[in-house]
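Heads up: the structure comes next, in structure tokens.
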Amino acid sequence: KGLKPGDEVLTINGFTPMRESLTKMEYALNALVPQSSLRLDLRAPSGKISHVVVKAKVRQTTAIMDYGDMTGRDRWRVGLEREDELRLMRPQCKELSGGVMILRLPIFLPTETALQDIIGKAREHHTLIIDLRGNPGGAESSLQDLLGAMFEKDVKIADRVTRQATKPLMAKTKHKAFTGQLIVLVDSRSASAAELFARVVQIEKRGVVLGDRTSGSVMEARYYGHETGSNPVFHYGTSISEADLVMADGKSLEHSGVTPDETMLPSPTDLANHFDPLLARAAEIAGVNLSSEEAGKLFPYEWPKD
């Protein structure tokens, strides 16, 4: 329909997407009441206003899939889908001239061994840029491991406040921690562990945080698995918030997020041309000349397979 990177979506089915409403809109339109079409009001980088109707792509798939009853071909396909998901979640590293390394971390799930390899490589550089844009969080242990690798002392991440008690959540220092310059990139999709990491870096004055205000979604939740039926068995679950995390400054990030030390957003022209001015700014702070165009080519966006 002509929708392109850099176009500003003014309305979706008559509703204006805002930071406070976007998550609820996505939940309503994609989960509660899936739409067969979306009416979009758009504004191009040139300022031109257009109105389009985008129809959903309809695919006929298997209504029920029981892994125990799958044929070899179906199991192979599911395995490939899982491998593709894991590939998109893998950490990526790029080394720049001038002693700068960039760690792109899509989710907090790397193993301790993988993290040790990354930090070992980072110690060979004077600056480490950790890109947490779009990172939804992940394993608490991964957060503790990464923070522990950034400090030569144990640091408190936050106090875990439940109905019954308050206990500190700590990150223990790792042997041969990275002690160079640290720059953290975040955006409005950075959530949970990504926000906690960025805020600890700020509170401890360990580095600088660049980008956009983060999601403000840090409450801990526990997943409870359930099942019903016998043949086939249907698995489902519930996620229940159990604790708030209060930072060392006495404040919770829930609903407020992390405000960067320097706020910077891509322009419509940057998005249209796949430029990355934020990463270029981080490189500038590290003393490296990197254009927005060059920065945008370091970690090209990979669309999930349809």
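The values are calculated or read from the model by the stated rules, or taken from the named source; none is laboratory data. Just so you know, these numbers come straight off a predicted model, no measurement behind them. Using ideal geometry, Cβ is built from the backbone for each residue, glycine included, and neighbour counts are taken over all protein chains shown. Surface areas here come from the heavy atoms of the whole protein model, side chains and all, with no ligands, DNA or RNA. Shrake-Rupley method; radii C 1.70, N 1.55, O 1.52, S 1.80 Å.
What you get for the chain, charging only the Cβ of Lys and Arg (+1) and of Asp and Glu (-1), is a dipole of about 280 debye around the Cα centre. The Cα atoms of region 201-259 define a convex hull whose projected area, averaged across directions, is 6.0 nm². Short-range pairs are left out: with C-alpha atoms under 8 Å and at least six residues apart, the relative contact order of region 163-306 is 19 percent. Note on the chain: GNM, Cα springs under 10 Å; of LEU278, LEU147, LEU80, the largest mean-square fluctuation is that of LEU80. Relative contact order for the chain using alpha-carbon pairs under 8 Å, separation at least 6, rounded to a whole percent? The value is 14 percent.
Multiplying the residue separation of HIS235 and THR269 by 0.36 nm and subtracting their alpha-carbon distance yields 7.8 nm.
Just subtract the alpha-carbon distance of THR166 and LYS297 from 0.36 nm times their residue separation and send over the number in nm, one decimal.
Details: separation 131, 0.36 × 131 = 47.16 nm, distance 4.51 nm.
That works out to 42.7 nm of additional length.
When the chain is described by a simple charge dipole with +1 on each Lys and Arg Cβ and -1 on each Asp and Glu Cβ, the residue from GLY6, SER256, ILE130 located farthest towards its positive end is GLY6.
Accessible area per residue for the chain is 60 Å², calculated with a 1.4 Å probe on protein heavy atoms, without ligands, DNA or RNA. Residue-wise HN-Hα couplings along region 229-246, as the Karplus relation 6.51 cos²θ - 1.76 cosθ + 1.60 with θ = phi - 60° gives them from phi, are x, 10, 8, x, 8, 9, 9, 8, x, 10, 10, 10, 5, 10, 7, 9, 10, 9 Hz; Gly and Pro carry x.
Go through 198-207, 183-192, 1-10 and give me the packing order, highest mean Cβ count within 10 Å leading.
Values: 198-207: 19.6, 183-192: 24.6, 1-10: 13.4.
Result, highest mean Cβ count within 10 Å first: 183-192, 198-207, 1-10.
Of the listed residues GLU20, GLU85, the order by accessible area with a 1.4 Å probe, largest first, is GLU20, GLU85.
Pairs with C-alpha atoms separated by more than 23 Å, drawn from the list LYS167/LYS251; LYS176/LYS251; LYS121/LYS176; LYS1/LYS24; LYS4/LYS94; LYS24/LYS48, are LYS176/LYS251; LYS1/LYS24; LYS4/LYS94; LYS24/LYS48. Accessible surface of the chain, 1.4 Å probe: 52 percent of it comes from carbon and sulfur atoms.
For PHE178, PHE15, PHE234, PHE299, the ranking by accessible surface with the largest value first comes to PHE15, PHE234, PHE299, PHE178, using a 1.4 Å probe.
Magnitude of the charge dipole for region 210-257, about its Cα centre and with charges confined to Cβ atoms of Lys, Arg (+1) and Asp, Glu (-1), is about 60 debye. Amide H contacts under 5 Å for ASP131: LEU103, ARG104, LEU105, LEU185, restricted to partners 5 or more places along the chain or on a different chain, H placed in the peptide plane at 1.01 Å from N. Inter-part distance, region 220-251 to region 46-125, computed on C-alpha centroids, equals 23 Å. Placing +1 on the Cβ of every Lys and Arg and -1 on the Cβ of every Asp and Glu, with no other charges, gives region 1-159 a dipole of roughly 920 debye about its Cα centre.
Here r is the Cβ-Cβ distance between GLN60 and ARG222 and R0 is 41 Å; the resulting FRET efficiency, rounded to 0.05, is 0.65. Just to be sure I understand, if you calculate semi-axes √(5λ) of the Cα gyration tensor in Å for this structure, which of [x] 33, 28, 21; [y] 32, 28, 18; [z] 29, 25, 19 do you get? Read-out taken from this structure: [x]. The relative contact order of region 156-201, computed from alpha carbon pairs under 8 Å that lie at least 6 residues apart in sequence, is 30 percent. Considering the dipole of region 164-298 built from charges on the beta carbon (Lys and Arg +1, Asp and Glu -1) around the Cα centre, which of GLY296, ALA280, MET219 is farthest to its positive end? Looking along the dipole axis, the top candidate is MET219. Residues whose amide H falls under 5 Å from that of SER252, counting only those 5 or more places apart or on a different chain, are MET247, with hydrogens built in the peptide plane.
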